[in-house]
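Some notes on the structure that comes next.
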Amino acid sequence: MPADEGSTPEASGTTTPKGRVSGPGGLLGLDPTVGVSKPDPILVADGVVRRFGGVTAVNVDHVEFQRGAITALIGPNGAGKTTFFNLLTCFDQPQEGDWSFNGQPLKGIAPHVVARRGLIRTFQLTKVLTKLTVIENMRLGATGQRGERFLPALFRGGWRAQEQSNTERADDLLVRFKMDHMREQFAGQLSGGQRKLLEMARALMTEPELIMLDEPMAGVNPALKQSLLEHVKSLRDEGRTVIFVEHDMDMVFDISDWVVVMAEGRIIAEGTPEQVGRNQAVIDAYLGSHHDSELDAIIHGDVPDHEVPIVTGDPDRAPSEEDR
Amino acid sequence: MDWSQIAVDTFSASLGALAIVYVLAAQGLNIHYGYTGLFNFGQAGFMAIGAYGVAIVSAPESVGGLGLSLWLGIAASVVAAVLLALLMGIPTLRLRGDYLAIVTIAVSEIIRLVLRSEWSEQHLSTGGNSGINGFAGPFYDNNLLARIGGIPATRFNATRYEVGPFQYSGRELWVMVVGWFVVAVFAVLTMLLMRSPWGRVLRSIRENEDAARSLGKNVQGYKMQALVLGGVMGAFGGIVLAIFQNLALPDDFVTRTTFLAYAALILGGAARVGGPIVGGVIWYTLFSFMNNVVAQMKSADLFPESVKANAGQLPFVFLGVALMLLVVFRPQGIFGDRKEVELDAR
Ligand SMILES: Nc1ncnc2c1ncn2[C@@H]1O[C@H](COP(=O)(O)OP(=O)(O)O)[C@@H](O)[C@H]1O
Ligand SMILES: [Mg+2]
C-alpha cells in the first residue's frame, strides 16, 4: 500500500518521492475541465471506444484518476458507467483505445491478472456465490493462497495457518460491515442490500490498491449507509484509491474528492463536487433525463432531511434490490 | 418366475464390477458438474480412451497390440485421458458452458465411431466393431485372493463363490477388490481437495465465474484442472470395464453411458463425496433388477408378441420415469441439501 502516513480525509495530500502530490490534496486548485491531468494518476484512459452494434456505449477521450482519492463517476442511466468499468477492468474489450494502471498498459490482459495487480471491482448486479456461506465467500477473496494450488491443497498442514489468518481478517471485516451474525448462512439467503455489502467486503479481502465499486449503495439499508460511507473514507485513509458509481447524490457530495460525469458515453464534466454541481452541462444532462430532479435542491443547499436519491439504481436492469 | 434368483442376481450386481464402472464415471462427473459446473457430456469418450489405452498397449502382438505390460497400458490410458481433456478444454473452456457440452458430446461420439471404423481396424488394430480382446490375463494372474482367500488363480476363474447373499465368479471378486480400492482412493482425493481452498475456487467458478475472475482467480486454469481430474476418473471406469470383460468394445461407450452416469450422480447427490458412490450402487441395483425381471418374464413368455422384441428397452423406460420423479420430488438426490439446491441465483 502506498502512503499510510499523513493523508487525512480532508483534502490533504502526500508528496511522493518524485515530488508529485498523491491523495485528495493533489486535486486542490485543479482546473475543472474534462481530461485535466492529475498530479499522481493511478489509472489513465485514452481514446477508449466501445460500440454495441450501432450504439456507442463508451467514447472517452482522456481521463485520469488521482491516486489515493475518492472519485465518483456519475451520470444518468445508460450513460456507459458500467460499461466503462467493465472495459477498465478488462471484463470487456473496447474497439479502440488504451488504458493503464500504475503506468502499465492493461489492454489485452486477462481480468484475473488485472485483479492480481491490485485493481479490484464489484458489480452493479451482485455476483455473490449463492451456495457458499458468507465466510467462504470472504475467504475466497484472500490472495496468494497456497491451498489454492492443486498439490499443496492435498496437505492441510501447508495451508492451515494461512487459512486461519485469512479467516480472522474476514471475521474482522464482517464485524465492520455488521454481517458477522450471518457468517454461516448461504450467500443465496441474503437480501439484495446484504449481497452488495458482502461483495464489497469480499473485494476488500484482496487488499486492493484501487477498488472500483459499481453502485455500492443500491438497496442498502439507510441505517447502514452512513457506516458504509465511513468505511469508504477509511479506505482512502489507508492509502487506497476508490472509484465508485453512484446515483445517491448525498453520498457523492459527502465523500467524493472528485466527480467525473458521464452522459451518452462521453465524459461531459469533471471537478470537485461543488464545481460539478454548478456545471450547466451536468444539470442539463440530468434534467434531460429526469425532470423532477433533486439535484437543484442539493446544489442550492436545500437538502431534504429524508434521503431521496436522484435516481435509485437502474430499475430496468437491476430488478428488485430492496432490503427484505 | 424365479424371484429368489432375481434377488441374488440383483444384490450381486449392486456391488459388482459393472456398478464400479458407473461409480467411477460418476465420480469424474461429480468433479466436472457437481463441483465446477462444467457440462461434460462426453464422459463415455474418456471411458473409451481408458479402455482402449489398456487394450492397445497391453494386448499381445499376435492380435495387433503392443504386447507391453498392463501397468504401461494403464499409464497410457491416463496420459491419453489427460490429452483428451486438454484437446476438449483448450478451445471451449473460455466460452460459455454450452459450448463445452456440445464439443464433449461430439468428441465422444467421434472417438467411438473412429474406434469401430474399418480404417482404424486396419491402421490402429482396434478390431473395428468387435473390439480388442485378450489383454487382461496378467491382471488375473496376480489375483491376490488366490493367496489369502484360497481361490484358485486359474486365469479366468469362473467358479461362482457365495459371499452372504452375493454370488460372484472368482475373477469378478478380484476385479471388485481392485475396483473398489480405486473408488476409495478417488473418494479420499476428492474429499481432501474439496475441503481445501482449491475446492473452494472450483465451487466459486460453478456459482459465478466472473466473481472468481474479479478476485484474481485463473478460471480457465482451474476448469482445465477439473476437466483433467474428472476425465482421468472416467478413464479408470473404462479401464475397469475393459479388464473385467477382457475386452474393449466400442459400443460400450455410446452417449447413453454418459447419461446413465449422470443419472447415478444426480440420484446420489452432486457435489457430495458419497453422492456418486451411493448413487452409482443404487442406480445400478435398480437397473439390474429391471433387467433381471425383464429377462425372466421373457423366458417365461409373459410379454405379448408386440412388446417381446423390444422388451430389453423397458428398464430404460422405467429408469427414465424414476429419474423424472427424483428430480421433481428430491432434486438434491440422496445426499444433497434441498435448501441448498433451491437457493436462487439472483
Ligand atoms: N452487452 C451489451 N450489449 C448491448 N448493449 C449494451 C450492453 N451493455 C451495455 N449496453 C448499452 O450501453 C449503454 C450503456 O450502458 P451501461 O454502461 O450499463 O450504463 P450505466 O451503467 O451508465 O447505466 C446502454 O445504452 C446499454 O443499453
Ligand atoms: Mg450501470
- Query: Taking all pairs of different Cα atoms in the stretch B:79-224, averaging 1/r and flipping that mean, what Kirkwood radius in angstroms comes out?
  - Reply: 19.6 Å
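Quick one: pull the percentage of alpha-carbon pairs in the stretch B:160-213 with a separation above 19 Å. Don't jump to the answer; show the numbers that get you there.
Working: 780 of 1431 pairs.
Looking at the stretch B:160-213, the distances longer than 19 Å represent 55 percent of pairs.
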- Query: How high is the relative contact order of the stretch B:3-341, given as a whole-number percent (alpha carbon pairs under 8 Å, six or more residues apart)?
  - Reply: 32 percent
- Message: So, taking all protein chains as they sit and a 1.4 Å probe, how much accessible area belongs to B:D301, in Å² rounded to tens?
- Response: 100 Å²
- Query: What is the stretch A:129-189's relative contact order, in percent, from Cα pairs under 8 angstrom and six or more apart in sequence?
  - Reply: 55 percent
- Value of relative contact order over the stretch B:29-182, rounded to a whole percent, pairs C-alpha under 8 Å and six or more apart: 20 percent
- Give a residue-ordered list of calculated ³J(HN,Hα) values for the stretch A:223-229 (Karplus: 6.51 cos²θ - 1.76 cosθ + 1.60, θ = phi - 60°; whole Hz; x for Gly, Pro). 4, 8, 4, 4, 6, 5, 4
- Message: Through the Karplus equation 6.51 cos²θ - 1.76 cosθ + 1.60, θ set to phi - 60°, convert the phi angles of the stretch B:314-326 into ³J(HN,Hα) values in whole Hz; use x for Gly and Pro.
- Response: 4, x, 5, 4, 4, 5, x, 5, 4, 5, 4, 4, 4
- Average partner coverage of A:140-150, which counts Cβ from other chains inside 10 Å: 6
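Take the solvent-accessible surface of the protein heavy atoms, probe 1.4 Å, and return the percent of it on the stretch B:249-346 that carbon and sulfur atoms account for. Present the calculation step by step, with values, prior to reporting the outcome.
Numbers: 3300 of 4880 Å².
Within the stretch B:249-346, the accessible surface is 68 percent carbon and sulfur.
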- Query: When the scattering of the stretch B:1-105 is computed by the Debye formula from its Cα atoms alone, each counted once and equally, what is log10 I(q)/I(0) at q = 0.17, 0.20, 0.22 Å⁻¹?
  - Reply: -0.88, -1.01, -1.09
- Could you tell me, in Å, what Rg and Dmax come out for the Cα atoms of the stretch B:273-346? 16.6, 56
- For the stretch A:63-185, the dipole about the Cα centre with charges only on Cβ (Lys and Arg +1, Asp and Glu -1), to the nearest 20 debye, works out at 240 debye
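Counting Lys and Arg as +1 and Asp and Glu as -1, each charge on the Cβ, what is the dipole of the protein assembly as shown about the Cα centre in debye, to the nearest 20? Display every interim value, and only then the final one.
On the way: 56 positive and 68 negative charges, 561 e Å.
So the magnitude is around 2700 debye.
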- What are the residues whose amide H is under 5 Å from the amide H of A:A57, where those residues sit 5 or more places off or on another chain and H is modelled from the backbone? A:R50, A:R51, A:F52
- Name the residue farthest towards the positive end of the dipole of chain B from the options B:L86, B:F259, B:Y22, assuming +1 on Cβ of Lys and Arg, -1 on Cβ of Asp and Glu, about the Cα centre. B:L86
- Note on the structure: Taking a straight Cα-to-Cα line shorter than 19 Å from A:K38, and setting aside same-chain lysines fewer than 8 residues away, one finds A:K18
- Query: Per-residue ellipticity at 222 nm for the protein assembly as shown, helices alone: DSSP H runs ≥ 4 residues times -39500 (n - 2.57), over residue total, nearest 500 deg cm²/dmol?
  - Reply: -15500 deg cm²/dmol
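Placing unit charges on C-beta atoms (Lys and Arg positive, Asp and Glu negative, everything else neutral), compute the dipole magnitude of chain B about its Cα centre in debye, rounded to 20. Don't skip to the end; give the middle numbers.
Values: 23 positive and 21 negative charges, 196 e Å.
Using only the charged Cβ atoms, the result is roughly 940 debye.
Rounded, prolate or oblate for the stretch B:155-257? Axes are the square roots of the Cα gyration tensor eigenvalues, ordered a ≥ b ≥ c, and the cut-off for rounded is a/c under 1.5.
On the way: a/c = 3.91, a/b = 2.31, b/c = 1.69.
The shape class here is prolate.
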- Message: Against the empirical 2.2 N^0.38 Å scaling, what ratio does the C-alpha Rg of the stretch A:129-189 come to?
- Response: 1.17
- Query: What average count of beta carbons from other chains do you get within 10 Å of the Cβ of residues in A:182-190?
  - Reply: 2
- Item | FRET efficiency for A:Q275 and A:Q226, using Cβ-Cβ distance with R0 set to 25 Å, rounded to 0.05 | 0.50
- For B:Y35, solvent-accessible area (1.4 Å; no DNA, RNA or ligand), Å²: 10 Å²
- FRET efficiency for A:R156 and A:E96 from the Cβ-Cβ distance with R0 = 45 Å, rounded to 0.05, comes out at 0.35
- Query: What average count of beta carbons from other chains do you get within 10 Å of the Cβ of residues in B:189-197?
  - Reply: 5
- Excluding residues on the same chain fewer than 8 positions from B:K223, give the lysines whose Cα lies under 29 Å from its Cα. A:K107, A:K127, A:K131, A:K196, B:K339
- For the stretch A:33-177, the fraction of alpha-carbon pairs in successive 10 Å shells from zero, as %: 10, 30, 30, 21, 8, 1
- Query: From the backbone phi of the stretch B:108-123, what are the Karplus-calculated ³J(HN,Hα) couplings (6.51 cos²θ - 1.76 cosθ + 1.60, θ = phi - 60°) in whole Hz, Gly and Pro given as x?
  - Reply: 5, 5, 4, 4, 5, 5, 5, 4, 8, 6, 5, 4, 6, 4, 7, 9
- Message: For A:W258, what residues show an amide H to amide H distance below 5 Å, using hydrogens built from the backbone and excluding near sequence neighbours?
- Response: A:I70, A:A72
- Message: Would you calculate the convex hull of the Cα atoms in the stretch A:150-261 and tell me its volume per residue in Å³?
- Response: 136 Å³
- Task: Please name which of B:I205, B:A48, B:F166 has its Cα lying farthest along the dipole of chain B towards the positive end, using unit charges on Cβ (Lys, Arg +1; Asp, Glu -1) and the Cα centre as origin.
- Result: B:I205
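At a probe radius of 1.4 Å, figure out the B/A buried accessible area, summed over both chains, and give it in Å² to the nearest 100.
It comes to approximately 3300 Å² buried between B and A.
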- Item | Selected from B:S196, B:F139, B:I102, residue furthest toward positive end of dipole (the stretch B:97-210; charges at beta carbon) | B:F139
- Can you give me the P(r) profile for chain B? Cα pairs, bins 20 angstrom wide beginning at 0, each as a whole percent. 29, 58, 13, 0
- Note on the structure: Expressed in angstrom, Rg and Dmax over the Cα atoms of the protein assembly as shown are 31.1, 98
- Query: Using alpha carbon centroids, what distance separates the stretch A:31-81 and the stretch A:150-189, in Å?
  - Reply: 35 Å
- Message: Using amide H atoms built in the peptide plane, which far-off residues or other-chain residues are under 5 Å from A:I267 H to H?
- Response: A:D61
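The values are calculated or read from the model by the stated rules, or taken from the named source; none is laboratory data. These figures come from a predicted structure and were not determined experimentally. No Cβ is skipped: glycine too gets one built from the backbone with ideal geometry, and neighbour counts run over all protein chains shown. Calculation scope for accessible area: heavy atoms of the full protein, side chains included, ligands and nucleic acids excluded. Shrake-Rupley method; radii C 1.70, N 1.55, O 1.52, S 1.80 Å.
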